[in-house]
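What follows draws every value from the coordinates through simple rules; no lab data is involved. None of the values given here were measured: they were computed from a predicted structure. Methodologically, a virtual Cβ is constructed for each residue, glycine included, from the backbone with ideal geometry; neighbour enumeration extends over all protein chains shown.
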Amino acid sequence: MPMIRFSTAYTYTAKEKQQISKIVQVCMETYFDTSKNDCFHIFEQLCHEQIIVDPNYWVEAPRTEKFLLLYITSGKPRTADQKLKLMQNVSSQLQHTFNIPDQDIMFVIVSNTAEDWCFGHAKRADLYIQQNL
């Protein structure tokens, strides 16, 4: 049940956003134990003034205007290895495909449970799962 919010001040075209989404989704399915088609991606295009990030914090080279935050609400917990493989593969592919510097790709991964989700019809996901087993 992951949901990903992509936040950036950089202007990506609609086609580029679709490609970024596809890269991330394939990596989620391959490395993060995400079901096929479990895709909930939200792109936030913010003004430069709305993103205040230290350009040098924990990076080897300063961040650029291509800074991209992937805030992932993951549903079930994932292992440290799954998180690392996801981060490495997404970063590598975004760097290769879009020339986004490695230091510009930031991840925040948080976990929650099925009772914290509702996909519609005011039904908590945990109750929906129980009813449809």
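How far, in degrees from 0 to 90, does helix 80-98 lean away from the longest principal axis of the Cα atoms of the chain, to the nearest 10? Here the helix axis deviates by roughly 50 degrees. Rounding to the nearest 10 and keeping the result within 0 to 90°, find how far the Cα-based axis of helix 14-31 lies from the longest principal axis of the chain. With both axes taken from Cα atoms, the answer is about 60 degrees.
Sorted fewest first by neighbouring Cβ atoms within 10 angstrom, 69, 94, 133 come out as 133, 69, 94. Loop-resident chymotrypsin sites (Phe, Trp or Tyr not before Pro) (DSSP state other than H, G, I, E or B) in the range 48-105 with no more than 14 further Cβ atoms inside 10 Å of their Cβ: 57, 58.
Report, for the chain, the % of DSSP beta bridges that are antiparallel, rounded to 5. Around 40 percent of the beta bridges assigned by DSSP in the chain are antiparallel ones. Along the axis of the charge dipole computed for the chain (Cβ charges of +1 for Lys and Arg, -1 for Asp and Glu, origin at the Cα centre), the listed residues 67, 97, 55 are led at the positive end by 97. When the GluC sites (Glu not before Pro) in the range 44-133 are filtered for DSSP coil states and for at most 14 other beta-carbon atoms within 10 Å of their beta-carbon, the remaining sites are 60, 65.
Please give every one of the aspartates and glutamates within straight-line cross-link reach of residue 76, meaning a C-alpha to C-alpha distance under 17 Å, and leave out same-chain neighbours fewer than 8 residues apart. Result set, ordered by chain and number: 29, 33, 38, 115, 116, 126. Within a straight-line Cα-Cα reach of under 12 Å, residue 15 cannot be paired with any aspartates and glutamates, leaving aside sequence neighbours fewer than 8 residues apart in one chain. If I take every Cα pair under 8 Å that is 6 or more residues apart in the chain, average their sequence separation and divide by the length, what percent do I get for the relative contact order? Worked out over the chain, it gives 30 percent. Its Cα centre serving as origin, the chain has a Cβ charge dipole (Lys and Arg +1, Asp and Glu -1) of approximately 380 debye. Among the listed options [x] -0.31; [y] -0.36; [z] -0.71, the one matching log10 I(q)/I(0) by the Debye sum over Cα atoms at q = 0.10 Å⁻¹ as calculated from these coordinates is [y].
Specify the inter-centroid distance of the range 7-37 and the range 97-129, based on alpha-carbon positions, in whole Å. So the separation of the two Cα centres works out to 12 Å. For the range 14-49, which trypsin sites (Lys or Arg not before Pro) pass both filters: DSSP loop (anything but H, G, I, E, B) and at most 13 other C-beta atoms within 10 Å? Here the trypsin sites (Lys or Arg not before Pro) that fit, given the DSSP loop and packing criteria, are 36.
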